[in-house]
Every structure is written in structure tokens, then in C-alpha cells.
1. Check off (1) assigned to a helix (DSSP H, G or I); (2) over 15 Å from the mean Cα position of the chain (by Cα); (3) free of Cβ contacts under 8 Å to residues at least 24 places away in the same chain for Glu50 and give me the number that stays unchecked.
2. Does Ala36 count as part of a helix (DSSP H, G or I), of a type in the set (Gly, Ala, Ser) and within 10 Å of the chain's Cα centre (by Cα)?
3. Among the residues of segment 37-57, write down those that are surrounded by fewer than 16 Cβ atoms within 10 Å (Cβ to Cβ) and of a type in the set (D, E, K, R).
4. Enumerate the pairs (first residue in segment 11-40 and closer than 13 Å to Val68 by Cβ and aliphatic (A, V, I, L, M); second residue anywhere and surrounded by fewer than 19 Cβ atoms within 10 Å (Cβ to Cβ) and at pLDDT 90 or above) with beta-carbon separation below 8 Å, excluding pairs fewer than 6 apart on the same chain, so at least 6 apart or on different chains.
Amino acid sequence: MKFLICYTPLALRLFKLLHRTRQEVFKNDTRALEAARQKINEEFKNNQSETSEEKINELLKIASDVEVILRTSVIQAVHTDSDKISDNVWFSFICCCYFSAVLPLSFRQ
């Protein structure tokens with residue numbers, strides 16, 4: 001059980017980092033912010049009782065990878081005309097698609 005204590009600060013740091021990244025990435029998009037908040041909280045809560053060191057390492061790696069993907073792969077855009085896209089607002093569907101497709105597959109077996 002000693003190894004679980006070692007993982008708590010790292011898990012908390014990743015949890016907070018994901019939320020900070022979510023706030024930056026989906027700024028001014030309340031639907032995406034809320035969907036991302038709920039998904040992050042849900043996934044961490046679902047796995048908080050995990051005791052396998054191997055599984056914990058895997059989950060921490062996934063959380064870290066998700067943060068990098070969010071920070072580097074989500075594009076900022078808003079549809080302004082039939083053939084134009086402006087880069088002012090995040091598309092809500094990016095958050096919904098990403099969090100409903102990628103995270104559940106990654107965090108659950």
C-alpha cells in the first residue's frame with residue numbers, strides 16, 4: 001500500500017493540470033467547459049480506488065497524454081459564412097466528441 005501514497009500527489013497534479021488546460025482550451029465555451037469538467041471528474045472518481053501499481057501507471061500516462069492532446073490538438077474556430085471559418089471561439093463538438101470517444105476507451109477496460 002505504500003506505493004499508493006506516492007501516486008497521490010502525481011494524480012492530483014495531473015487532475016489540476018487537466019482542469020487548467022480545459023479552462024484554457026475551451027475558454028468562452030460554457031458547454032464544452034462543463035462537458036470536459038464532468039468527464040475529467042468522472043474518470044478520476046471512477047478510478048480513485050485502483051490499487052494495481054501497473055494500472056495506476058497506465059492511468060497516469062493516459063491522463064498526461066490527454067492533457068497534451070487537448071493542449072496541442074484542439075483548434076479554435078467559429079463558422080462565420082458558408083465558406084469561411086474564423087478563429088475566435090472553440091467548437092463545442094470537439095470537446096463532446098473527444099471526451100465521449102477518447103477518454104472512455106482509454107480509462108476503462
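1. (1)
2. Numbers: part of a helix (DSSP H, G or I): yes; of a type in the set (Gly, Ala, Ser): yes; within 10 Å of the chain's Cα centre (by Cα): yes.
Against the criterion (part of a helix (DSSP H, G or I), of a type in the set (Gly, Ala, Ser) and within 10 Å of the chain's Cα centre (by Cα)), Ala36 qualifies.
3. Of the residues in segment 37-57, the ones surrounded by fewer than 16 Cβ atoms within 10 Å (Cβ to Cβ) are 38, 41-42, 45-46, 48-55, 57.
Passing the criteria: Glu42, Lys45, Glu50, Glu53, Glu54, Lys55.
4. Leu14/Leu60; Leu14/Ser64
The values are calculated or read from the model by the stated rules, or taken from the named source; none is laboratory data. Since we're looking at a predicted model, the values are computed, not measured. Neighbour counts run over all protein chains shown; Cβ positions are idealised from the backbone, glycine included.
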